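Enquirer: Here it is: the structure, laid out below.
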Amino acid sequence: MPAKSAAQQKAAGAALSAKRGDTKVSELKGASKSMYDSMSESELEDFAETKRKGKPEHKSKD
């Protein structure tokens with residue numbers, strides 16, 4: 001499932017980095033910390049690999 005916004009893609013990238021041990025988990029905050037706790041590495045990869053071109057910075061609430 002691709003990310004719906006650039007912010008979501010960035011948060012997934014940060015969480016994925018922590019899952020892989022490249023970043024300290026203590027450095028995560030907000031959405032990236034939540035994603036780290038609730039998503040698998042493969043789910044995070046799907047979100048993080050989404051291209052940002054054409055994506056809004058933040059998804060509007062529907």
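Enquirer: Out of 14, 7, I need the residue that is of a type in the set (A, V, I, L, M, F, W, C), in a helix (DSSP H, G or I) and in contact with a His (Cβ under 7 Å, 6 or more places away or on another chain). Which one? Break it down stepwise before answering.
Expert: Values: 14 fails: in contact with a His (Cβ under 7 Å, 6 or more places away or on another chain).
After ruling out the rest, the residue left standing is 7.
Enquirer: Quick check on residue 55: is it among the charged types (D, E, K, R) and either touching a Phe, Trp or Tyr at 6+ places or on another chain (Cβ under 6 Å) or not in a loop (DSSP other than H, G, I, E, B) (or both)?
Expert: So residue 55 does not fit the description; no.
Enquirer: Related question: Give all pairs with beta carbons closer than 7 Å in which a residue from region 1-22 that is surrounded by fewer than 17 Cβ atoms within 10 Å (Cβ to Cβ) meets a residue that is polar (S, T, N, Q); count only pairs at least 6 apart in sequence or on separate chains.
Expert: 2/50
Enquirer: If you don't mind, another one. Scanning for something touching a residue at least 12 places away in the same chain (Cβ under 8 Å) and touching a Ser or Thr at 6+ places or on another chain (Cβ under 6 Å), does region 23-43 turn up at least one residue?
Expert: Looking for residues that are touching a residue at least 12 places away in the same chain (Cβ under 8 Å) and touching a Ser or Thr at 6+ places or on another chain (Cβ under 6 Å), one finds none in region 23-43, hence no.
Enquirer: Would you mind stating whether residue 51 is surrounded by 13 or more Cβ atoms within 10 Å (Cβ to Cβ) and modelled with pLDDT under 85? Full working, then the answer.
Expert: Working: surrounded by 13 or more Cβ atoms within 10 Å (Cβ to Cβ): no; modelled with pLDDT under 85: yes.
When the stated conditions are applied, residue 51 does not pass them.
The values are calculated or read from the model by the stated rules, or taken from the named source; none is laboratory data. The model shown is predicted, which means the values in this text are computed figures rather than measured ones. All Cβ positions, glycine included, derive from the backbone under ideal geometry; neighbour counts span all protein chains shown.
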